[in-house]
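The values are calculated or read from the model by the stated rules, or taken from the named source; none is laboratory data. Values in this document were obtained by computation on a predicted structure and should not be read as measured data. Cβ: placed from backbone, ideal geometry, glycine included. Neighbour counts: every protein chain shown.
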Amino acid sequence: MSEVDRDALAAGLVAAVVSGVPSTVWAVARRRDVLAAARAAGTLVLPYERRTVPLVLAAVPVHAALSLGWAGALARILPQEREPLAGAAAGLAIAALDLGVIGRRLPAIRALEQLPQWLDHLAYGLAVGAVLRARRRGRRPVRG
């Protein structure tokens, strides 16, 4: 596994966890369903399922695959020293694709409140960028 692949794996795993925080906080603060987004993601592979447990279980590998796949792409294109900012911008671009193009064709995703979903994507990109920056900086030789 290459250094870039290891960076992408680390960034994708961290971002996969962190990226759900904004919509979860939003749901808790507004007393809404905290599992709505997970169920919606589960419908990508189980489109006719309505039960929570199978949908949430299906959402885990979907979310992991998407998180790791995008992190692999971002690890290759984010500019050094601007990873967090560029990552945040990339997260919003991914949101435009996920929510604005693909998601609007899928009823369960289309039904989600959009702002918290965009915030999740922003958090995802920012987290990928922050992890990439930290890992890249950790490899630089110390000047002295």
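The table that follows gives values for the structure above.
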read-out: Of the criteria (1) over 16 Å from the mean Cα position of the chain (by Cα); (2) touching a residue at least 40 places away in the same chain (Cβ under 8 Å); (3) more than 30 Å from residue 137 (Cα to Cα); (4) part of a loop (DSSP other than H, G, I, E, B), which one residue 27 fails; value: (4)
read-out: Residues of the range 37-70 classified as among the hydroxyl-bearing types (Ser, Thr, Tyr) and under 30 Å from residue 86 (Cβ atoms), total; value: 1
read-out: Residue check, residue 92 farther than 13 Å from residue 19 by Cα and of a type in the set (A, V, I, L, M); value: no
read-out: Boolean, residue 42 is modelled with pLDDT under 95, farther than 13 Å from residue 128 by Cα and crowded, with 18+ Cβ neighbours inside 10 Å; value: no
read-out: Qualifying positions in the range 17-26 - crowded, with 19+ Cβ neighbours inside 10 Å and closer than 17 Å to residue 83 by Cβ; value: 19
read-out: Helices (runs of 4 or more DSSP H) within the range 65-144 that include 3 or more residues at pLDDT 95 or above and crowded, with 19+ Cβ neighbours inside 10 Å; value: 83-95, 114-139
read-out: Complete set of residues in the range 32-64 that are of a type in the set (Val, Ile, Thr) and not in a loop (DSSP other than H, G, I, E, B); value: 52, 53, 56, 60, 62
read-out: Residue 81, sole failed condition from (1) under 12 Å from the mean Cα position of the chain (by Cα); (2) within 25 Å of residue 136 (Cα to Cα); value: (1)
read-out: Matching option when the condition is touching a residue at least 12 places away in the same chain (Cβ under 8 Å) and over 14 Å from residue 132 (Cβ atoms), among 113, 49, 83, 3; value: 113
read-out: Criterion: without any contact (Cβ under 8 Å) to a residue 12 or more places away in the chain and either within 17 Å of residue 13 (Cα to Cα) or touching a strand residue (DSSP E or B) at 6+ places or on another chain (Cβ under 9 Å) (or both) - qualifying residue of 96, 65; value: 65
